[in-house]
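Here the structure is laid out as structure tokens; the discussion comes afterwards.
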Amino acid sequence: MSKPRLLVARAVFPETLARLEQHFEVEHNQADAAWSKQDLIARLRGKAGAFTTGTERIDAEVLAACPELKVCANMAVGYNNFDVPAMTAKGVLATNTPDVLTETTADFGFALLMATARRIAESEHYLRAGKWTKWSYDMFAGAEVHGSTLGILGMGRIGQGIARRGAHGFGMNVIYHNRSWLSPDLEAACRARYVSKDELLMTADHVVLVLPYSAESHHTIGAAELAKMKPTATLVNIARGGIVDDAALAQALRDKRIAAAGLDVFEGEPKVHPDLLTVPNVVLTPHIASATVPTRRAMADLAADNLIGFLVNGKPLTPLNPEVLT
Ligand code: 8YV
């Protein structure tokens, strides 16, 4: 019997590709060429499966053009690049990579918080530029992390990981806001207290965004929300671009409406709002929160397992729309 046909839309670990090639007739993109939507459609036609990352949008137009498609496995926990209802309507399975990146991403959220509050990037640039000629009492004096109030917007697995780090490692007072309350057991494990969004914005010393992107979460943080934050506060976004109004944030940073921000994700990335590139009190990283070698391998393995699990054995591991299986 011939092997199912698979498109691997971006460059992946050679070992992942080799494993997929054992089960599928693979068209790959190891050159990591930037494909337009029409390029993606042209390559996806006739394929039963796709290995995607957060950069490939699978929507009604793509699905209509690729009627043989049965499954898209995203190498990401976030899946706002998938139109899941449209996929479900066409009977196309969607899978993501939960759990395997939780702790690594929470580590990075904390690293970005520390770098932002303690002005690590700004002071490093200063030193490299040869501007450090003498010590002074207030040089790069930042905000306290230990013992301060940590506000987490979006309390899923990664949010809880950040809460645990803050509460247990840094003695922080952790407050959170989410669509739903955590169970009392989880709240106790995170030592976190549920508050309204406004209370979180007004009382947190550090606000960390870890909520999924959707039409409802678009610009969760804009000028009005930034105005509610403490002038000494920091804002960290490791969730998705578009959750923050980047233009409003750049203005707030310039005006010192808030003290500093740490951003791993951007509206329209890899483009970055030009104003963010010119304000000093922001730490900018290129969407690397899950980027450790073991975690990226685990994400690639899980995406591959989902494809093999579904197309070869009929059983995906982490389906997003399991209703298409029945
Ligand atoms: C990915 C992410 O690296 O998992 C996610 O949702 O944002 C990152 O871990 C990125 O989406 C590439 O697929």
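The numbers here are math on the coordinates, done by the rules we state, and not lab data. Because the structure is a prediction, the values reported are computed rather than measured. Neighbour counts are summed over all protein chains in view; Cβ atoms, including those assigned to glycine, are modelled from backbone coordinates with ideal geometry.
Please report, for the Cα atoms of the chain, the Rg to one decimal and the Dmax as a whole number; what are they, in angstrom?
Rg, Dmax (Cα atoms, Å): 21.4, 74.
So which trypsin sites (Lys or Arg not before Pro) in the range 100-179 end up in coil per DSSP with only 14 or fewer other C-beta atoms within 10 Å?
Lys131, Lys134, Arg179
Please state the charge dipole magnitude for the chain, taken about the Cα centre, from unit charges on C-beta atoms (+1 on K and R, -1 on D and E), reported in debye and rounded to the nearest 20. Kindly include the intermediate steps, with their values, before the conclusion.
Numbers: 33 positive and 35 negative charges, 61 e Å.
Dipole size: approximately 300 debye.
Once both labels are modelled 7 Å past Cα along the beta-carbon direction, what's the Asp255-Arg128 spacing in nm?
Rounded to a tenth, the inter-label distance reads 3.1 nm.
Scan the chain and report its longest stretch carrying no GluC sites (Glu not before Pro) that are both in a DSSP loop and have at most 13 other Cβ atoms within 10 Å. Display every interim value, and only then the final one.
Details: sites that count: Glu68, Glu144, Glu216.
Between the exposed loop sites, the longest stretch runs 217-326.
Helix check for the chain. Which DSSP H runs span at least 20 Å along their own axis by Cα, with a mean Kyte-Doolittle hydropathy no less than -1.0?
Those that pass (Cα extent of 20 Å or more, hydropathy at least -1.0) are 102-117, 293-311.
Work out, step by step, the length gained on full extension between Trp135 and Gln22: first 0.36 nm times the residue separation, then minus their alpha carbon distance; give nm to one decimal.
Numbers: separation 113, 0.36 × 113 = 40.68 nm, distance 6.05 nm.
Full extension of this stretch gives 34.6 nm more.
Would you kindly calculate the mean projected area, averaged across all directions, of the convex hull enclosing the Cα atoms of the range 102-284, in square nanometres? Intermediate values should be presented prior to the final figure.
Working: hull surface 41.9 nm².
For the Cα atoms of the range 102-284, the hull's average projected area reads 10.5 nm².
For Lys47, go through the lysines and keep the ones whose alpha-carbon is under 30 Å away, minus same-chain ones fewer than eight residues off.
By straight Cα distance, Lys47 reaches Lys3, Lys37, Lys70, Lys90, Lys315.
If I stretch the segment between Asn313 and Glu199 completely, what's the gain in nm (0.36 nm per residue apart, minus their alpha carbon distance), one decimal?
On the way: separation 114, 0.36 × 114 = 41.04 nm, distance 4.90 nm.
Separation in residues times 0.36 nm, less the Cα-Cα distance, equals 36.1 nm.
Percent relative contact order of the range 102-284, based on C-alpha pairs within less than 8 angstrom and at least six residues apart?
21
Roughly speaking, what is the stretch gain from Val293 to Ser183, that is 0.36 nm per residue apart minus the C-alpha to C-alpha distance, in nm to one decimal?
Numbers: separation 110, 0.36 × 110 = 39.60 nm, distance 3.29 nm.
Using 0.36 nm per residue and subtracting the Cα-Cα distance, I get 36.3 nm.
If you take the C-alpha gyration tensor of the range 60-114, multiply each eigenvalue by 5 and take the square root, what semi-axes do you get, largest first, in whole Å?
Each semi-axis is the square root of five times an eigenvalue, giving 31, 10, 7 Å.
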